[in-house]
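Just below is one structure, and these are the notes that go with it.
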């Protein structure tokens, strides 16, 4: 008999007043655990085995999406030439390269609705989470949450940027991490960058952790090392006003 998936729920230990006070002081916070144990495990299973990943990168301001499975099947020499071009661009300008799945867009199109990540997307737009977000950020006009699933493999990265997009009315960015084990030496660290260019703080992608930070805020995801023994799985997006 097939087991019914658990509902997505917040962890019972969350201290909202403490979280709000830290966020108000620092403009960012790392919260762990964030979701209930069973729902976090179900999200990980979905991300690890059920997502039709696409390779996501940019050509200056233009996003590009390639079939992730087909890219991995290319001869080594062809993949190496492609990556050399991406890395050359990253040395000069804003650049990103990682696997993604557009949760929000797919949900609104009525696609892949059976995936458990869609239950998470519904939860992120339900009163319980939105009330939590408003209380923590102090912004009571937050109306919605968008989402994408991401998978950073060895060689993937996201160079520094601040997420500012006035048309989309982003209040805060979030990263929900679902990799069961991660070693800092593997890279994939969410770095917050000070005005003088130094790293002000870094968050390792710990399992079932929510990283939440104000927009705009300069940040990056460090290069994932070739010797990393896992993929960096997460759900990311923004809390937005209507």
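The values are calculated or read from the model by the stated rules, or taken from the named source; none is laboratory data. What you see is a predicted model; the values in this text were computed from it and never measured. Every residue, glycine as well, gets a Cβ built from its backbone with ideal geometry; the counts of neighbours run over all protein chains shown.
What do you reckon, is residue 134 assigned to a helix (DSSP H, G or I), touching a strand residue (DSSP E or B) at 6+ places or on another chain (Cβ under 9 Å), at pLDDT 95 or above and surrounded by 14 or more Cβ atoms within 10 Å (Cβ to Cβ)?
On the way: assigned to a helix (DSSP H, G or I): yes; touching a strand residue (DSSP E or B) at 6+ places or on another chain (Cβ under 9 Å): yes; at pLDDT 95 or above: yes; surrounded by 14 or more Cβ atoms within 10 Å (Cβ to Cβ): yes.
Criteria met by residue 134.
For region 30-39, name all the residues that are surrounded by 17 or more Cβ atoms within 10 Å (Cβ to Cβ) and part of a helix (DSSP H, G or I).
Of everything in region 30-39, just one residue is surrounded by 17 or more Cβ atoms within 10 Å (Cβ to Cβ) and part of a helix (DSSP H, G or I), namely 39.
Sort out which residues of region 119-131 are farther than 27 Å from residue 224 by Cα and outside any loop (DSSP other than H, G, I, E, B), and write them in order of number. Give the steps one after another, and end with the answer.
First, pick out the residues of region 119-131 that are farther than 27 Å from residue 224 by Cα: 119, 122-131.
Passing the criteria: 119, 122, 123, 124, 127, 128, 129, 130, 131.
Regarding region 162-181, can at least one residue be identified that is without any contact (Cβ under 8 Å) to a residue 40 or more places away in the chain and crowded, with 16+ Cβ neighbours inside 10 Å?
Scanning region 162-181, I find no residue that is without any contact (Cβ under 8 Å) to a residue 40 or more places away in the chain and crowded, with 16+ Cβ neighbours inside 10 Å, so the answer is no.
From the set of residues in region 137-154 that are in contact with a strand residue (DSSP E or B) (Cβ under 7 Å, 6 or more places away or on another chain) and outside any strand (DSSP E or B), which is surrounded by the most Cβ atoms within 10 Å (Cβ to Cβ)?
Step by step, filter region 137-154, then rank; the result is 147.
Give me a count of the residues in region 20-29 that are touching a residue at least 60 places away in the same chain (Cβ under 8 Å), closer than 18 Å to residue 201 by Cβ and surrounded by fewer than 19 Cβ atoms within 10 Å (Cβ to Cβ). Explain how you work it out, then say what you get.
Just the residues of region 20-29 that are touching a residue at least 60 places away in the same chain (Cβ under 8 Å), to begin with: 20, 23-24, 27-29.
Okay, now just the ones that are also closer than 18 Å to residue 201 by Cβ, so 23-24, 27-29.
Now narrow it down to the ones that are surrounded by fewer than 19 Cβ atoms within 10 Å (Cβ to Cβ): 24, 27.
Total satisfying the criteria: 2.
Which residues, counting only those in region 61-70, are within 23 Å of residue 220 (Cα to Cα) and free of Cβ contacts under 8 Å to residues at least 24 places away in the same chain?
Looking only at region 61-70, we keep the residues that are within 23 Å of residue 220 (Cα to Cα), and these are 61-66, 68.
If the condition is that a residue be within 23 Å of residue 220 (Cα to Cα) and free of Cβ contacts under 8 Å to residues at least 24 places away in the same chain, then 61, 62, 63, 64, 66 are the ones that fit.
Could you give every pair whose Cβ atoms fall below 7 Å, whose first residue belongs to region 71-84 and is under 20 Å from residue 53 (Cα atoms), and whose second residue is modelled with pLDDT of 95 or more and not in a helix (DSSP H, G or I), counting only separations of at least 6 or pairs across chains?
Partner pairs satisfying both residue conditions: 71/55; 83/155.
Looking at region 183-226, which of its residues are closer than 21 Å to residue 100 by Cα, out of contact with any helix residue (DSSP H, G or I) (no Cβ under 6 Å at 6 or more places or on another chain), part of a loop (DSSP other than H, G, I, E, B) and in contact (Cβ under 8 Å) with a residue 60 or more places away in the chain?
Across region 183-226, the qualifying residues are 206, 207, 222, 223, 224, 226.
Out of curiosity, is residue 42 surrounded by fewer than 17 Cβ atoms within 10 Å (Cβ to Cβ) and assigned to a helix (DSSP H, G or I)? Full working, then the answer.
Numbers: surrounded by fewer than 17 Cβ atoms within 10 Å (Cβ to Cβ): no; assigned to a helix (DSSP H, G or I): yes.
In short, no.
Has region 112-129 got any residue that is over 21 Å from residue 210 (Cβ atoms), surrounded by 14 or more Cβ atoms within 10 Å (Cβ to Cβ) and either touching a helix residue (DSSP H, G or I) at 6+ places or on another chain (Cβ under 6 Å) or modelled with pLDDT under 95 (or both)? Give the steps one after another, and end with the answer.
First, pick out the residues of region 112-129 that are over 21 Å from residue 210 (Cβ atoms): 112-114.
So of that shortlist, the ones also surrounded by 14 or more Cβ atoms within 10 Å (Cβ to Cβ) come out as 112.
Filter once more, so that each one left must be either touching a helix residue (DSSP H, G or I) at 6+ places or on another chain (Cβ under 6 Å) or modelled with pLDDT under 95 (or both): 112.
Checked against the condition, which is being over 21 Å from residue 210 (Cβ atoms), surrounded by 14 or more Cβ atoms within 10 Å (Cβ to Cβ) and either touching a helix residue (DSSP H, G or I) at 6+ places or on another chain (Cβ under 6 Å) or modelled with pLDDT under 95 (or both), region 112-129 yields at least one hit.
Would you confirm whether or not region 56-65 contains a residue that is within 24 Å of residue 202 (Cα to Cα) and outside any strand (DSSP E or B)?
No: region 56-65 contains no residue that is within 24 Å of residue 202 (Cα to Cα) and outside any strand (DSSP E or B).
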